[in-house]
Amino acid sequence: MTDVAAERTALAELTQKLGVEIDPELLSLALTHRSWAYENGQGPHNERLEFLGDSVLGLAVTVRLFTGHPDLDEGALAKRRASVVSTVALAEIARGIGLGEHLLLGRGEDLTGGRDKDSILADTMEAVFGAAYLSVGPDAATGLVLRLVEPLLADPERYGAAMDPKTALQELAARGGFEPPAYSVTSTGPDHDRRFTATVLIGDLAAEGAGTSKKHAEMAAALRAWRELSGRA
């Protein structure tokens with residue numbers, strides 16, 4: 001299979017997962033990280049689509065929360081929205097559809113784990129929403145957003161965890177009679193492009209998370225530990 005044919009097959013598989021017929025050129029652009037563009041002749045990348053998709057996501061979630069929860073005040077609505085449009089939440093959604101395997105990344109970014117980096121996954125997810133908006137219009141794009149975020153919206157326990165996973169994990173540990181979570185962090189890469197990996201230990205459970213800062217790595221590790229520990233309950 002040629003590279004072109006393989007790319008078309010991969011895009012078709014992703015389109016099937018998304019359930020929306022996004023224009024192939026726009027979808028390919030949405031998957032193109034700036035590191036790949038810079039290594040391949042300074043071509044276009046997904047940041048403009050990300051800008052659009054951020055608004056598509058925000059409006060879809062805001063309207064869904066406003067109409068679905070007439071009993072909640074502005075502060076409560078804002079907290080719920082923040083929890084499902086956060087970098088951590090969007091990265092989790094992206095992992096759920098295997099978005100990382102479809103990314104076009106520069107060699108350096110790819111070698112340092114960019115396909116599983118929260119920030120890259122979240123930004124690409126927003127770019128996909130932008131591509132959907134341009135391809136199929138606002139209604140279908142909103143439908144795509146809501147299908148993907150609905151599991152988060154439907155689980156109130158996740159709101160606090162997605163917004164502040166370290167606190168949520170600490171509270172869950174206390175309720176379960178565990179010692180407080182213990183974190184360790186390592187980093188790799190040059191100073192201008194450091195990648196951090198955090199490991200959190202709680203009881204017999206160890207969970208890892210990665211990010212572009214120590215804080216983001218610890219948050220990602222905490223959220224993974226929280227999900228696993230919650231699943232044991």
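The values are calculated or read from the model by the stated rules, or taken from the named source; none is laboratory data. Every value quoted in this text rests on a predicted model; they were computed, and no experiment measured them. Here Cβ is always computed from backbone atoms with ideal geometry, including for glycine, and neighbour counts include all displayed protein chains. Heavy atoms of the whole protein, side chains included, go into the accessibility calculation; ligands, DNA and RNA do not. Shrake-Rupley method; radii C 1.70, N 1.55, O 1.52, S 1.80 Å.
Annotations
- Distance between the 7 Å Cα→Cβ label points at Asp193 and Ala140: 3.6 nm.
- Rolling a 1.4 Å probe across the protein heavy atoms gives the range 94-156 an accessible surface of 38 Å² per residue.
- Shape analysis of the chain yields a ratio of the Cα radius of gyration to the Kirkwood radius, Rg/Rh, of 0.99.
- Selected from Pro190, Pro181, Pro138 as most flexible by GNM, with the chain as the system and alpha-carbon contacts under 10 Å: Pro190
- Label-zone membership for the range 121-152, site Asp23, 7 angstrom Cα→C-beta point, backbone N under 12 Å: 131-137
- The mean sequence separation of alpha-carbon pairs under 8 Å and at least six residues apart, normalised by the residue count of the chain, gives a relative contact order of 20 percent.
- Backbone phi angles across the range 208-213, fed through the Karplus curve with coefficients 6.51, -1.76 and 1.60 (θ = phi - 60°), yield HN-Hα couplings of 10, x, 10, x, 8, 8 Hz in residue order; Gly and Pro are listed as x.
- The 3J(HN,Hα) values that the Karplus relation (6.51, -1.76, 1.60; θ = phi - 60°) gives for the range 184-193 are, in residue order, 9, 10, 10, 9, 9, x, x, 4, 7, 8 Hz. Gly and Pro appear as x.
- For the chain, the carbon plus sulfur part of the accessible surface works out to 53%, probe radius 1.4 Å.
- Residues in the range 67-103 reached by a label modelled at Ala10 [backbone nitrogen below 14 Å; 7 Å Cα→Cβ]: 98-103
- Helix-only [θ]222 nm of the chain, DSSP H runs n ≥ 4, -39500 (n - 2.57) each, per residue, nearest 500: -20000 deg cm²/dmol
- Pairs of lysine residues in the chain - Cα separation under 15 Å, sequence separation of 8 or more or cross-chain: 4
- In sequence order, calculated HN-Hα J values of the range 19-31 (Karplus, 6.51, -1.76, 1.60; Hz; x Gly/Pro): x, 9, 7, 7, 3, x, 5, 5, 5, 4, 5, 4, 8
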